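Have a look at the structure below before the remarks.
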Amino acid sequence: MLLQGKTAVISGAASKRGIGRSTAELFAQHGARVAILDIDAQAADEAAAELPTSGQVRHIGLGCDVSDRASCQAAADAVVAAFGSVGVLINNAGITQPVRTLEITESDWHRIVDVNMTGVLFLSQAFIPNMRENGGGSIACMSSVSAQRGGGIFGGPHYSAAKAGVLGLAKAMAREFGPAGIRVNSVTPGLIQTDITAGKLGDDARAEIIRGIPLSRLGEARDVANIYLFLASDLSAYVTGAVIDVNGGMLIH
């Protein structure tokens, strides 16, 4: 029970086959009180109701548009009202778009950057004051292998740029808030089998990708959730400003 007595907030966690949902389930199994945030408020509420419980532990699901600062603050206020202190924030929400550089429109750019990078800032701003007032906490931010290798399979250059921005933002926050006992780290998954990728890879493309992965398989949502658990728990008490690859060796650097 690595998270016994802790409150964990996870954004983008309503999708049944998503990394966020897998993380919420794992955190609940380890004793955390979980707040699921998602753009779909009903789905967030339903997801929270399906999480395992033990004793007096309960979970909540709330609507939150991470690209809107007021929405993030409202969600934070609701979580604090329900649970008091917040010890863990998982900035997991994200979207992608498989287009090339010359195809990116102004609205495409803002939508991808706003959700994937600006959302990390807004949600962190909403929860850091509570963490600071209560002795610290852990923030983990979702980046991507595409931020490191200059492009991915399902994300365009604007996605890579946003995810690279997450790495810089997280490192800067780690330096700024370390003295307050707040750790900030990033996770860079490779190709993970979720609803985002479901049905979008043919057999030949899938086999070709796997040939380039030393561990010879695509990732599962739980592979990333396990790293989030490590970063959320005291097992990583002396880890901040780090970037943890979860890609089966797709990128070794």
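In the set (1) under 24 Å from THR194 (Cβ atoms); (2) under 19 Å from the mean Cα position of the chain (by Cα), the condition left unmet by ILE104 is number (2). Only a single criterion out of (1) within 22 Å of VAL184 (Cβ to Cβ); (2) surrounded by 15 or more Cβ atoms within 10 Å (Cβ to Cβ) is not satisfied by ARG111, namely (1). Residues in segment 136-152 that are touching a Ser or Thr at 6+ places or on another chain (Cβ under 8 Å) and either part of a loop (DSSP other than H, G, I, E, B) or farther than 28 Å from THR194 by Cβ (or both): SER143, SER144, VAL145, GLY150, GLY151, GLY152.
Scanning segment 38-96 for residues that are within 15 Å of PHE27 (Cα to Cα) and in contact (Cβ under 8 Å) with a residue 60 or more places away in the chain gives VAL86, GLY87, VAL88, LEU89, ILE90, ASN91, ASN92.
Every test in (1) within 23 Å of ILE192 (Cβ to Cβ); (2) surrounded by fewer than 16 Cβ atoms within 10 Å (Cβ to Cβ); (3) out of contact with any helix residue (DSSP H, G or I) (no Cβ under 6 Å at 6 or more places or on another chain) is passed by PRO52 save one, and that test is (3). Of PRO157, PRO98, all but one fail to be touching a Phe, Trp or Tyr at 6+ places or on another chain (Cβ under 7 Å) and not aliphatic (A, V, I, L, M); the exception is PRO98.
Here is a yes/no grid of residues against (1) buried (at least 18 other Cβ atoms within 10 Å of the Cβ); (2) part of a helix (DSSP H, G or I); (3) aliphatic (A, V, I, L, M):
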| site | (1), (2), (3) |
| --- | --- |
| ALA70 | no, yes, yes |
| ALA75 | yes, yes, yes |
| GLY94 | yes, no, no |
| PRO98 | no, no, no |
| ASN116 | yes, yes, no |
| PHE127 | yes, yes, no |
| GLY165 | yes, yes, no |
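Candidates are the residues of segment 55-68 that are at pLDDT 95 or above and assigned to a loop (DSSP other than H, G, I, E, B); the one that is surrounded by the most Cβ atoms within 10 Å (Cβ to Cβ) is CYS64.
Of all the numbered requirements in (1) surrounded by fewer than 21 Cβ atoms within 10 Å (Cβ to Cβ); (2) at pLDDT 95 or above, ILE19 misses one, and that requirement is (1).
The values are calculated or read from the model by the stated rules, or taken from the named source; none is laboratory data. Here the structure is a predicted model, which is why all the values come from computation and not from measurement. Positions of Cβ are backbone-derived with ideal geometry, glycine not excepted, and every protein chain shown enters the neighbour counts.
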